[in-house]
1. Looking at this structure, is residue 320 assigned to a strand (DSSP E or B) and either free of Cβ contacts under 8 Å to residues at least 24 places away in the same chain or in contact with a helix residue (DSSP H, G or I) (Cβ under 7 Å, 6 or more places away or on another chain) (or both)?
2. Restricting attention to the stretch 223-244, which residues are within 17 Å of residue 270 (Cβ to Cβ), in contact with a strand residue (DSSP E or B) (Cβ under 7 Å, 6 or more places away or on another chain) and assigned to a loop (DSSP other than H, G, I, E, B)?
3. Applying the selection to the stretch 341-365, what residues are loosely packed, with under 12 Cβ neighbours inside 10 Å and touching a strand residue (DSSP E or B) at 6+ places or on another chain (Cβ under 9 Å)?
4. Can you say whether residue 295 is within 16 Å of residue 345 (Cβ to Cβ) and surrounded by 16 or more Cβ atoms within 10 Å (Cβ to Cβ), as far as the supplied structure shows?
5. Looking at (1) more than 30 Å from residue 396 (Cβ to Cβ); (2) exposed (fewer than 13 other Cβ atoms within 10 Å of the Cβ); (3) touching a residue at least 60 places away in the same chain (Cβ under 8 Å), which is the only condition residue 167 fails?
6. Which of the residues spanning the stretch 70-97 are more than 25 Å from residue 44 (Cβ to Cβ), at pLDDT below 95 and buried (at least 18 other Cβ atoms within 10 Å of the Cβ)?
7. What do you reckon, is residue 215 modelled with pLDDT under 95 and outside the structural domain of residue 27 (by TED's automatic domain parsing)?
8. Of (1) in contact (Cβ under 8 Å) with a residue 60 or more places away in the chain; (2) surrounded by 18 or more Cβ atoms within 10 Å (Cβ to Cβ); (3) in contact with a strand residue (DSSP E or B) (Cβ under 6 Å, 6 or more places away or on another chain), residue 110 satisfies all except one. Which?
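The values are calculated or read from the model by the stated rules, or taken from the named source; none is laboratory data. It should be emphasised that the depicted structure is a prediction, and the values quoted were computed from it without experimental measurement. Cβ placement follows ideal geometry from the backbone for every residue including glycine, while neighbour counts extend to all protein chains displayed.
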């Protein structure tokens with residue numbers, strides 16, 4: 001790669017002098033799809049692949065679940081598009097609008113997906129990466145306000161595209177494609193390890209799988225109250241401070257595995273190393289109820305209201321208790337799917353727990369921690385690859401770094 005080149009100022013910023021700027025509609029044909037009437041059973045369940053905007057999240061699309069018949073195709077505005085179209089979400093819930101994908105098979109789309117048909121004017125993979133890199137820009141181009149805006153073909157056709165020489169387009173696509181392959185392999189490994197770890201935890205914590213040397217030892221049914229001390233949190237509304245010294249342990253902090261946090265200027269309810277904190281309140285069918293977090297340091301955190309802290313008593317390994325309580329099915333059963341769930345202290349402490357002796361608890365924790373460490377290492381590798389790709393896209397798709405042809 002090289003970065004010794006001359007640049008020119010354009011409507012989209014500085015680009016290499018030998019690149020061109022063209023409107024998308026000048027280099028490609030675009031189209032949108034449609035949806036056959038759902039009232040006509042004879043339109044559905046055929047052999048023709050049909051995708052909705054939600055399928056855009058697959059990014060590279062090798063297959064979709066939707067199927068329509070020849071009759072559904074003929075009697076609707078959907079149309080068959082060839083493989084290697086660049087697809088853009090025109091509308092859709094959440095983050096779908098502006099999402100870019102590529103179909104690698106012939107298929108139909110619904111009306112919320114625009115297709116940019118293949119052309120000799122550009123390399124399809126290059127265009128895919130260029131538009132994918134501009135996701136936030138596409139969102140801003142949407143008509144309407146807030147989350148209800150939408151793109152349309154006129155907007156798509158007016159997008160300005162930097163056009164390098166075709167050989168450079170191909171090389172950029174190859175480099176980014178190779179990174180995508182590495183990222184996809186890493187994702188598969190991470191997903192596999194996650195599933196493996198779920199199985200390890202379920203087998204070891206239930207006693208269905210026993211560690212060597214502990215096969216004959218007995219497990220005992222106990223309540224949480226017998227093995228831990230309970231503490232409730234306090235409200236922190238008046239002490240929230242972006243420059244505060246203490247991390248507020250609230251539902252958002254725990255449910256995001258500490259990725260989202262607030263700070264407090266006061267430590268109103270101190271937490272100590274090896275304590276377990278657990279969410280006691282959540283919306284119907286929420287993912288935070290009974291989610292746990294393991295405290296790793298003294299005087300670093302302060303406990304918020306509707307969160308409890310649990311300190312393991314003598315004879316109980318705190319990390320074992322953490323794994324046992326995290327999203328425990330006993331607590332999840334309090335969720336009725338209709339109203340807010342608010343666990344009471346007595347309900348928390350009445351949780352039944354099947355407990356081995358302390359030495360077996362410690363050995364089980366070692367096995368689980370080893371499995372988690374391996375998963376974390378592969379997650380870090382995946383994040384590194386994703387950051388590398390993001391950096392290369394910034395350099396290659398703007399011409400700041402040139403590839404050797």
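1. no
2. If the condition is that a residue be within 17 Å of residue 270 (Cβ to Cβ), in contact with a strand residue (DSSP E or B) (Cβ under 7 Å, 6 or more places away or on another chain) and assigned to a loop (DSSP other than H, G, I, E, B), then 233, 236, 241, 244 are the ones that fit.
3. 352
4. no
5. Result: residue 167 fails condition (1) only.
6. Once the filter is applied, which keeps residues that are more than 25 Å from residue 44 (Cβ to Cβ), at pLDDT below 95 and buried (at least 18 other Cβ atoms within 10 Å of the Cβ), the stretch 70-97 yields only 97.
7. yes
8. (3)
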